[in-house]
Amino acid sequence: MKDAEYALLTVGSVSGTAREVIDELRKEGKKVGLIKLKAIRPLPADELKKACVKLKGLAVIDRHASLGFGGALTNDIKSALAGEKAKVEGFVSGSAEGT
């Protein structure tokens, strides 16, 4: 994250794959970083703001979608970073169905 302009925020098992992708992108000279949340509740808002202070954009991989509301984690992150310069975009990944 030291010189990152863009970052990916993950939780759980997808973080390992994301770390490999970020490492490859950094080898190509891209200024990207990874933020891996270890806990969602309570959301570490102050630490998150510090990590994102220099970012232009943050992509959040969400594992849960609230119909009509978007990704639940993405909305929490957007609230925590309200007023900051980083644009937050969410992406829902995985299945929320138990079938």
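Annotations for the structure displayed:
- Straight-distance crosslink candidates among lysines, where the alpha carbon sits under 18 Å from Lys50 and sequence neighbours closer than 8 are dropped: Lys2, Lys31, Lys36, Lys38, Lys78, Lys85, Lys87
- Computed E for Tyr6/Lys50 - FRET, C-beta separation, R0 22 angstrom, nearest 0.05: 0.85
- When the residues Leu67, Leu8, Leu81 are ordered by accessible surface, computed with a 1.4 Å probe over the protein chains alone, the sequence from largest down reads Leu67, Leu8, Leu81.
- Surface accessible to a 1.4 Å probe, per residue, for the residues of region 15-72, Å²: 67
- Pairwise Cα distances in the chain exceed 18 Å in 45 percent of cases.
- For region 42-98: span of alpha carbons on each principal axis (Å, largest first): 38, 23, 18
- Residues with amide H under 5 Å from that of Leu34, placed H, sequence gap 5 or more: Leu8
- Amide H partners (placed H, <5 Å) of Asp62, local residues excluded: Phe91, Val92, Ser93
- Antiparallel content of DSSP bridges confined to the chain, in %, to 5: 10
- Share of carbon and sulfur in the accessible heavy-atom surface of the chain [1.4 Å probe, %]: 53
- Value of Rg to Rh for region 1-58, rounded to two decimals, is 0.97; Kirkwood radius and Rg both from alpha-carbon coordinates.
The values are calculated or read from the model by the stated rules, or taken from the named source; none is laboratory data. The model shown is predicted, which means the values in this text are computed figures rather than measured ones. So basically every Cβ, Gly included, is an ideal-geometry build from the backbone, and we count neighbours across all protein chains shown. SASA here: full protein model, heavy atoms, side chains in, ligands and nucleic acids out. Shrake-Rupley method; radii C 1.70, N 1.55, O 1.52, S 1.80 Å.
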